[in-house]
Structure formats: C-alpha cells, structure tokens
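Input: a single structure, listed below in structure tokens.
A short reminder: the numbers here are calculations on the coordinates, not readings from a lab. Computed from a prediction, not measured in an experiment: that's the story for all the values here. Counting neighbours? That spans all protein chains shown, and the Cβs are built from the backbone with ideal geometry, glycine included.
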C-alpha cells in the first residue's frame, strides 16, 4: 500500500507535492524580500537566525499542503478526523513554539505555538465534528507549551542540532498522516477542488510573521 502511495505522490492527479513546492517557493521569496530590505542589516542574522528561518519555512511547507489535502475531502470518520486534528495541532504548535522559544523565550514561544497549534488543529479537526475540533485544540495547546519549554530547557545543550532532529521526526509523522489520509480517501470522490491561493497567502503571512517575531519581537530576560 505504501508503494501505491509513493506512486500516487508523483501522479499528475496528486497535488500534494505541487502544494509543497508552491509553499516553499512563496516562503523563500518572502524571506528573500525581507532579507534584501531589512534582515541583511541585522548583525549576525545568518549565524543567529538562519537555521530557524529555514526550519520555519520547511515546517509550514509540510503543514499547509496537508491542510489542503484535508480540505479537499472535508468529512472523515470520527477516529480519522481526531487523528488529523491531533497531529496537525501538535506539529503546528510544537515546531513554531520551539523556534520562537529558542529566540524569544518561553512566554512568546508558548503564545505563538499555542495560537498556531490551536488554529490548525481546530481548523483541520472540524472534518469530523466537535471531537476533532476538541482534539485539535488540546493538541495545539499542549504542543505550543512543550515546544517552547523544550527550547528553553536545551538553550545550552545543542539546541540547533535538536531542532533539526525534531523537525525530521515531525516530518516523518506528517508523511504518516498523509499516508493515512490517502488510505482513507483513495476510493472517495473529492468534495472540493482546492486552489493554492490560501496556501500561498498563509505561507507568506506565517513566514513573515514568524521571522519578524524571532528577530524584532519582544524577548524574555534571557535573550536581552
């Protein structure tokens, strides 16, 4: 079955890889514009913020296309919808919370992570009703706090290396989620044809907001 999923990814009817590419392109263009006009004047921007800027772009490129995939079918069985809400909420809360927490401190990392996780968790979890929404909110709430907490706890212990490892594990989980959705929907008809406008808009907005917050946003005492 996984071989079929792999073949489907590269099929012309599959828009998942295309959505990932579009999200990456929009985010990298946003970073390029920000760097040209503002960020290149920030002292040590690349050594200090470069890795986290790259990871935040990659993070949104695995979250947003998966959201498009869910939106195309709209309704899922209860257990599948709860898993979608939980996974999206946890990943969308933990990773941004980790990156913001690594640069701004636990409070702002928690706030940003919880907001991101709850938004994406509830948005995607609603595909199975209130239980999926609740699961998404709970996962986003927990993920945002845990991501920021992990960043602060590992400040002096290979935080950048840990961030890469955590991203790889999270990416693997997202691959598993998309595989699960493929198994659930391979014999279903799409209920909506999604375009990439919302994908592009959210990629630009979230990338710009995240990088602005990391560089210019308020910081805790540890980072001042």
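Helix 78-104 sits at what angle to the longest principal axis of the chain, using alpha carbons and giving 0 to 90 degrees rounded to 10? Taking the Cα atoms of the chain, the angle to 78-104 is about 10 degrees. Working note: Cα gyration tensor of segment 82-224, eigenvalues times five, square-rooted, sorted largest first, giving semi-axes of 29, 16, 14 Å. Segment 97-128 and segment 199-224 have Cα centres lying 12 Å from one another.
With the helix formula -39500 (n - 2.57) applied to DSSP H stretches of n ≥ 4, the chain reaches a computed 222 nm mean residue ellipticity of -27500 deg cm²/dmol. Placing pseudo-labels 7 Å out from each Cα toward the beta carbon at residue 160 and residue 43 gives an inter-label distance of 1.8 nm. To the nearest ten degrees, helix 130-153 and the longest principal axis of the Cα atoms of the chain are 30 degrees apart.
Shape of segment 1-149 from its Cα gyration tensor (a ≥ b ≥ c, root eigenvalues): rounded if a/c is under 1.5, otherwise prolate when a/b > b/c, or oblate? Cα axes put segment 1-149 in the oblate bin.
Name the shape class, rounded, prolate or oblate, that the alpha-carbon gyration tensor gives for segment 151-224, where a ≥ b ≥ c are the square roots of its eigenvalues, rounded holds for a/c under 1.5, and otherwise prolate holds if a/b is larger than b/c and oblate otherwise. Oblate, because a/c is 1.5 or more while a/b does not exceed b/c.
Distance between the modelled labels on residue 115 and residue 186, one decimal in nanometres: 4.1 nm (7 Å Cα→Cβ projection).
Our estimate of slack between residue 78 and residue 205, defined as 0.36 nm per intervening residue step minus the Cα-Cα distance, is 42.6 nm. Measure nothing but the geometry: give the 0 to 90° angle between the long axis through the Cα atoms of 106-125 and the longest principal axis through the Cα atoms of the chain, rounded to 10°. That works out to roughly 10 degrees.
You can think of it this way: the chain between residue 4 and residue 216 has 71.8 nm of extra reach, that is 0.36 nm per residue less the Cα-Cα gap. Protection proxy ranking, highest mean first, for peptides 179-191, 119-131: 119-131, 179-191, where packing is the per-residue count of other beta-carbon atoms within 10 Å, averaged.
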